[in-house]
1. For T31, state whether it is surrounded by fewer than 16 Cβ atoms within 10 Å (Cβ to Cβ), polar (S, T, N, Q) and free of Cβ contacts under 8 Å to residues at least 60 places away in the same chain.
2. Could you list, in sequence order, all residues of the stretch 149-196 that are closer than 18 Å to D40 by Cα, touching a Leu at 6+ places or on another chain (Cβ under 8 Å) and in a loop (DSSP other than H, G, I, E, B)?
3. Being without any contact (Cβ under 8 Å) to a residue 60 or more places away in the chain and assigned to a loop (DSSP other than H, G, I, E, B) is the filter here, so list the residues in the stretch 102-120 that pass it.
4. So, in the stretch 91-132, of the ones that are more than 18 Å from the chain's Cα centre (by Cα) and hydroxyl-bearing (S, T, Y), which residue ends up nearest to V19 (Cα to Cα)?
5. Quick one: which helices (runs of 4 or more DSSP H) sit completely within the stretch 1-87 and have at least 2 residues that are touching a helix residue (DSSP H, G or I) at 6+ places or on another chain (Cβ under 8 Å), at negative phi and at pLDDT below 95?
6. Any residue at all in the stretch 34-42 that's over 22 Å from V178 (Cα atoms), surrounded by fewer than 19 Cβ atoms within 10 Å (Cβ to Cβ) and not aliphatic (A, V, I, L, M)?
Amino acid sequence: MTTLRRALAWGAVAGQILVTGAWVVGGLVQTGGYSVTRHDISDLGALTADQPWLTLVGQGVSGLLTMTFAIVALGPALARPGRRSNVGAWLVALSAAGLDDLSDAFFRLDCRAADPGCTEAAAMASWHGTVHNDVGTFTFVVLVIAPFVLARQMRRVSGWHSLARPTLAYGVVLLVAVTAYVLLSISTGGGLAQRAVALLGSAGVVVLALRVVALSRPAAVVRPNAVAGESMSSR
């Protein structure tokens with residue numbers, strides 16, 4: 001089981017690298033007035049996007065890896081004695097770094113904000129555009145809540161205590177970043193702010209995964225002959 005947890009943790013780390021690279025490259029290949037400073041990452045996978053598969057594949061794979069890690073590896077690693085799972089792990093799975101990435105790979109917007117005549121309503125005119133928006137809103141709220149729940153749980157579980165306060169501080173920074181993104185989206189567009197939130201979300205998953213890796217390492221095995229040698233030297 002420890003081997004599986006380590007494998008899933010490293011998979012989650014790889015997923016964050018993959019999805020970040022996907023939206024960076026996806027933004028570079030866009031034409032038609034797309035701007036990374038003003039337009040959302042979601043536009044990179046829209047029906048009218050240039051090379052949408054770059055972003056869609058990255059999001060889908062990363063979302064699946066993150067959700068599997070959170071449920072199968074993080075849950076048991078953060079669980080209190082006598083419990084198999086916990087709320088914090090499920091919040092990670094259902095956050096923007098997990099469920100939203102996986103969902104975006106299948107439920108695409110109808111157009112990009114940079115496209116002529118593409119309003120917010122037009123982008124969500126189809127059923128899949130509506131699902132995309134609703135899941136995005138839900139998972140961003142979960143993303144903000146998750147650090148505060150995790151910080152509380154970390155105080156109660158051995159091996160996680162040292163991450164409790166940093167996770168709480170991280171939650172505050174994440175809340176500020178999400179608030180900035182929402183406010184900027186209303187006025188001039190929050191492309192950069194959303195990318196900051198995405199990076200923070202990925203960084204949080206990486207930190208959790210690395211702690212699971214550290215806790216899953218087998219304890220050092222003392223060789224019998226070494227023990228015998230110590231016993232002889234103590235006589």
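The values are calculated or read from the model by the stated rules, or taken from the named source; none is laboratory data. Treat the numbers as computed from the prediction; the structure is a model and nothing was measured. Reconstructed Cβ throughout: ideal geometry from the backbone, glycine too, with neighbour counts over all protein chains shown.
1. Taking the combined requirement at face value, the residue satisfies it.
2. Correct list: G190 only.
3. F106, F107, P116, G117, T119
4. Result: T130.
5. Details: elements: 2-28, 52-68, 75-78.
It comes to 2-28, 75-78.
6. There is no residue in the stretch 34-42 that is over 22 Å from V178 (Cα atoms), surrounded by fewer than 19 Cβ atoms within 10 Å (Cβ to Cβ) and not aliphatic (A, V, I, L, M).
Okay, residues lined up against (1) of a type in the set (V, I, T); (2) touching a Gly at 6+ places or on another chain (Cβ under 6 Å); (3) surrounded by fewer than 20 Cβ atoms within 10 Å (Cβ to Cβ):
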position	(1), (2), (3)
I71	yes, no, yes
G75	no, no, no
S95	no, no, no
D101	no, yes, no
R108	no, yes, no
